[in-house]
Amino acid sequence: GWCPLSPAGAQTPQVLLEPPWTPAVLWDRVTLTCRGSGTRGATTWYKDGQRLWQERPNSLVVTESGTFMCHRPGTGLSPPVSLHFSNDEVVLQVPAQELLEGDTVTLRCRA
């Protein structure tokens, strides 16, 4: 696959979720934001390894499961973020961020 390299000193972009919980529930609309340094310009979004049908703005509203990445000019490709939408009647959510042993974690129950 195609994997552009970031120039020296450029921050690799990151995909952030809002609301920042996983798994998402079917009635949520999750906004993905591509954050990182680099040149201004259109953000290109990828879902399940396939480029979306057009270049999108810096944020993308998602309503279905998949693995998402973004590319911003001058910074390369973000690490993949897997987003799952649950259709369970009750969903226990955890923060959509990297957690380390010993971290205090807030859980959220959605019904």
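Key figures
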| read-out | value |
| --- | --- |
| Accessible area (Å², 1.4 Å probe, nearest 10) - Glu64 | 100 Å² |
| Per-pair calculated FRET efficiency, R0 = 22 Å: Cys109 and Gln14 via Cβ, rounded to 0.05 | 0.20 |
| Hz values of 3J(HN,Hα) by residue in segment 86-97 - Karplus curve (6.51, -1.76, 1.60), Gly and Pro given as x | 9, 9, 5, 5, 10, 10, 8, 9, 10, x, 8, 8 |
| Listed residue (Leu32, Gly76, Thr63) projecting farthest to the positive dipole end of segment 14-110, Cβ model | Gly76 |
| Trp21, Trp27, Trp45, reordered so the largest accessible area comes first (probe 1.4 Å) | Trp27, Trp21, Trp45 |
| Heavy atoms of Phe68: accessible area, 1.4 Å probe, square angstrom to 10 | 10 Å² |
| Percent of beta bridges antiparallel (DSSP, segment 14-110, rounded to nearest 5) | 95 percent |
| In Å², nearest 10: area of Leu52 left accessible to a 1.4 Å probe | 40 Å² |
| Sequence-distant residues sharing a close amide H with Asn58 (under 5 Å, placed H) | Thr43 |
| Probe 1.4 Å, all protein chains present, accessible-area order of Leu107, Leu60, Leu16, largest first | Leu107, Leu16, Leu60 |
| Order of exposure, largest accessible area first, which applies to Leu99, Leu26, Leu83 with probe 1.4 Å | Leu26, Leu99, Leu83 |
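The values are calculated or read from the model by the stated rules, or taken from the named source; none is laboratory data. These figures come from a predicted structure and were not determined experimentally. No Cβ is skipped: glycine too gets one built from the backbone with ideal geometry, and neighbour counts run over all protein chains shown. The area values use the complete protein model at the heavy-atom level, side chains included, leaving out ligands, DNA and RNA. Shrake-Rupley method; radii C 1.70, N 1.55, O 1.52, S 1.80 Å.
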